[in-house]
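The values are calculated or read from the model by the stated rules, or taken from the named source; none is laboratory data. Quick caveat: nothing in here was measured; it's all calculated off a predicted structure. Here the Cβ is made from the backbone with ideal geometry for all residues, glycine too, and neighbour counts use every protein chain on show. Heads up: the accessible areas ignore ligands, DNA and RNA and are worked out on the full protein's heavy atoms, side chains in. Shrake-Rupley method; radii C 1.70, N 1.55, O 1.52, S 1.80 Å.
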Amino acid sequence: MARAVCRRGGVLRAALGQDLSAAIDHFGSTAVPGLAAKPIIDILLTTTDLVGARARFPDVLKTHGYVFWRDDPNPQRLSFVKGLAPFGPKRTHHLHVVPAQSPMRVQISFARHLAANPGIARAYGALKTERAVRYFTDREAYTEGKTAFISAFMAQIKTD
């Protein structure tokens, strides 16, 4: 899975250019071997110019199957979805474009930490499974439990 994202990162970098894309990282549950995950790849693209990206990326990414998600409430993030109906049969990728100092970058550290610590990854997977069953129709409640787990991780690495 990660290898496919690396190739995709090359396609994205070639399409978007070096000038606006500083880093392209696979994150989220699909970035952690063996972790239960929805079959949607999360990609975090760090940009040096969010204003320029906002002006240029929607048209460029559309040619690669990504649709600009205009409803993103965060003004410091651009979101794109690949496979969103009516442009595809199902979502396959979420692409988040953020400035270099975005707090979203912590999610890359979290995915790497889980990949390096299978016991913690299993605990996180069990939490995700339990919350998915309990909050099947309440995405916010499901996400809230995951956020608490990630926040505990962040508190731990700040004290290490």
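Taken per residue, the accessible surface of the chain reaches 58 Å², heavy atoms only and a 1.4 Å probe.
His93 contributes about 30 Å² of solvent-accessible surface, heavy atoms of the protein only, 1.4 Å probe. Taking the accessible area of the range 27-148, probe 1.4 Å, and keeping the other protein chains in place, the carbon and sulfur fraction comes to 58%.
Quick one: of Lys62/Lys146; Lys82/Lys128; Lys38/Lys82; Lys62/Lys82; Lys82/Lys146, which pairs are farther than 20 Å apart, Cα to Cα?
Working: Lys62/Lys146 31 Å; Lys82/Lys128 24 Å; Lys38/Lys82 14 Å; Lys62/Lys82 9 Å; Lys82/Lys146 24 Å.
Over 20 Å Cα-Cα: Lys62/Lys146; Lys82/Lys128; Lys82/Lys146.
Separation of the range 113-160 and the range 57-109 by C-alpha centroid, Å? Their Cα centres are 22 Å away from one another.
Taking the range 49-105, how much of its Cα-Cα pair set, in percent, is spaced more than 15 angstrom apart? Intermediate values should be presented prior to the final figure.
Details: 750 of 1596 pairs.
Counting pairs separated by more than 15 Å, the tail of P(r) holds 47 percent.
Stokes-Einstein diffusion for the range 84-160, with the hydrodynamic radius set to the Kirkwood value over Cα pairs and evaluated at 25 °C in a medium of 0.890 mPa s, equals 169 µm²/s.
Comparing mean-square fluctuations of Val133, Val81, Val60 from a GNM of the chain with C-alpha springs under 10 Å, the top value falls on Val133. Farthest toward the positive end of the dipole of the chain, out of Thr137, Ala155, Gly83, is the Cα of Gly83, where the dipole comes from beta carbon charges about the Cα centre. Normalised by the number of residues in the chain, the average gap of Cα pairs under 8 Å and 6 or more apart makes the relative contact order 19 percent.
Per residue, the convex hull spanned by the Cα atoms of the range 44-139 amounts to 135 cubic angstrom.
The fraction of Cα-Cα pairs per 10 angstrom bin, counted from 0 for the chain, comes to 10, 37, 37, 16, 1 percent, rounded to whole percents.
So which chymotrypsin sites (Phe, Trp or Tyr not before Pro) in the range 104-160 end up in coil per DSSP with only 11 or fewer other C-beta atoms within 10 Å? Let's see the in-between values first.
Numbers: sites: Phe110, Tyr124, Tyr135, Phe136, Tyr142, Phe149, Phe153; in loops: Tyr135, Phe136.
Hits after loop and neighbour filter: Phe136.
Taking all C-alpha pairs of the range 20-68, those more than 12 Å from each other amount to 70 percent. Report summary: the helix-based calculation at 222 nm, which adds -39500 (n - 2.57) for every DSSP H run with n ≥ 4 and divides by the residues of the chain, gives -16000 deg cm²/dmol.
Largest accessible area first, the listed residues Glu144, Glu130 line up as Glu144, Glu130 when surface is computed with a 1.4 Å probe on the assembled protein chains.
A Gaussian network model of the chain, with springs between Cα atoms under 10 Å, assigns the largest mean-square fluctuation among Gly83, Gly65, Gly119 to Gly119.
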